[in-house]
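What follows is a set of notes on a single structure, which appears directly below.
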Amino acid sequence: MFQHKHFQVIAAFSVGLIFSLGLGISGMTQPQKVIGFLQLGEGWDPSLMFVMMGAIPVHALVYYFVRGKKTPLFDSKWHVPTSREITKPLVIGSALFGFGWALGGFCPGPALTSAGAGAPSAVIFVIFMFVGMILRRVYQRFSKS
Amino acid sequence: MMQSILMALAGGALIGVAASLMLLFNGRVTGISGITNGLLSYVKGDYLWRFAFVLGLILGGVVLGATHPEMFVNTTNRTSVMVAIAGVIVGFGTVLGSGCTSGHGVCGISRLSPRSLIATGVFMVVGMLAATVLKFVIGA
């Protein structure tokens, strides 16, 4: 019999596909657009600001419609983060991300989609992104002991 | 420029739809760094959906790459070494900061999460400062 977890996998796969289409159409998979947006001054390219302006109203509307429901469709509980605490790791991690984003011109989603498209720089970025994630685990283990 | 803006809006709306379906169906935030990081350790019942999402994200790229190669042209002056260093920093930073452009920038801001508002403010400001300074250091 089909169970919730099977539908979850199908839903997640479909969301991944639609998300990648959005990334490609929006221009997020073109590092020169990302850098052109982050680089202030003459020749500033504001277009990527409109990606958030397209995404947030749609998602905010659905969120406020959905949040009163008891459960999502394919699960018995919600998994939306509820923490409100501003911590040092949050700020330092986000600052590091901002720097890496400007240095490479990729954030994680567009890098994965572009790697799928065979863009060599994205393949390099994704491989080393996993290295960074593993380093974070190693660092966490050392800082605990 | 006008066409770029319209494409950004349309693509953004599609990203909003995708994140909304994830919420509605699976009750989850579409945080790409977090979902991807979860692939590095197997947790029973919390793995296959992550794999399926990332597979969809990559397969979408395979299809788009074949039909619209212009979407994946990289004309920046970033060398492979710079991109590799950026990858390490982004991997480390997004996990430390519990999110990236999707989880904090789209999902978190949509529900006015204070953590995501701060995180997005920080990575946008630092990203803009870094890109603007790099223009003088490496010429673009």
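The values are calculated or read from the model by the stated rules, or taken from the named source; none is laboratory data. Everything numeric in this text was worked out from a predicted model, so none of it was measured. Neighbour counts are summed over all protein chains in view; Cβ atoms, including those assigned to glycine, are modelled from backbone coordinates with ideal geometry.
The table below gives the values:
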| read-out | value |
| --- | --- |
| Sole exception among (1) at the interface with another protein chain (Cβ under 7 Å from one of its Cβ atoms); (2) of a type outside the set (S, T, Y); (3) crowded, with 20+ Cβ neighbours inside 10 Å; (4) closer than 20 Å to B:V90 by Cβ for A:I92, by number | (3) |
| Those residues of the stretch A:1-21 which are of a type in the set (S, T, N, Q) and part of a helix (DSSP H, G or I), in sequence order | A:Q8, A:S14, A:S20 |
| The stretch A:50-87, residues that are more than 19 Å from the chain's Cα centre (by Cα) and either crowded, with 19+ Cβ neighbours inside 10 Å or outside any loop (DSSP other than H, G, I, E, B) (or both) | A:L61, A:Y64, A:F65, A:V66, A:P72, A:F74 |
| Options B:I58, B:I15: the member that is crowded, with 19+ Cβ neighbours inside 10 Å and either touching a residue at least 24 places away in the same chain (Cβ under 8 Å) or assigned to a loop (DSSP other than H, G, I, E, B) (or both) | B:I15 |
| Only one of A:Q8, A:Q30, A:Q3 that is over 18 Å from the mean Cα position of the chain (by Cα) and either within 7 Å of chain B (Cβ to nearest Cβ) or at pLDDT 95 or above (or both) | A:Q8 |
| Residue satisfying condition, being within 14 Å of the chain's Cα centre (by Cα) and at the interface with chain A (Cβ under 7 Å from one of its Cβ atoms), within set B:G97, B:G65 | B:G97 |
| Members of the stretch A:107-120 found to be surrounded by 24 or more Cβ atoms within 10 Å (Cβ to Cβ) and more than 7 Å from every other protein chain (Cβ to nearest Cβ), listed by number | A:P110, A:A111 |
| Residue check for B:R28: part of a loop (DSSP other than H, G, I, E, B) and either modelled with pLDDT of 95 or more or crowded, with 24+ Cβ neighbours inside 10 Å (or both) | yes |
| Qualifying positions in the stretch A:22-49 - surrounded by fewer than 20 Cβ atoms within 10 Å (Cβ to Cβ) and in a helix (DSSP H, G or I) | A:Q32, A:P46, A:M49 |
| Residues that are without any contact (Cβ under 8 Å) to a residue 40 or more places away in the chain and in contact with a Gly (Cβ under 9 Å, 6 or more places away or on another chain), drawn from the stretch B:102-113 | B:G105 |
| Set B:I58, B:I85, B:I89: member being of a type in the set (A, V, I, L, M, F, W, C), in contact with a Phe, Trp or Tyr (Cβ under 8 Å, 6 or more places away or on another chain) and closer than 18 Å to A:A119 by Cα | B:I85 |
| Single match in B:T30, B:T94, B:T79 (criterion: among the polar types (S, T, N, Q) and free of Cβ contacts under 8 Å to residues at least 60 places away in the same chain) | B:T79 |
| Residue pairs meeting the criteria (Cβ under 7 Å; at least 6 apart or on separate chains; first within 18 Å of B:V54 (Cα to Cα), in the stretch A:116-139; second modelled with pLDDT of 95 or more and surrounded by fewer than 16 Cβ atoms within 10 Å (Cβ to Cβ)) | A:G116/B:V62; A:A117/B:V62; A:I124/B:S80; A:M133/B:L40; A:I134/B:L40 |
| Filtered residues of the stretch B:36-83 (kept if closer than 21 Å to A:S20 by Cα and among the polar types (S, T, N, Q)) | B:T36, B:N37, B:T67, B:N74, B:T75 |
| Of the criteria (1) within 7 Å of another protein chain (Cβ to nearest Cβ); (2) farther than 30 Å from B:Q3 by Cβ; (3) of a type outside the set (D, E, K, R), which one A:L48 fails | (2) |
| Scope the stretch B:36-47; condition in a helix (DSSP H, G or I) and either surrounded by fewer than 16 Cβ atoms within 10 Å (Cβ to Cβ) or touching a Leu at 6+ places or on another chain (Cβ under 9 Å) (or both); matching residues | B:T36, B:L39, B:L40 |
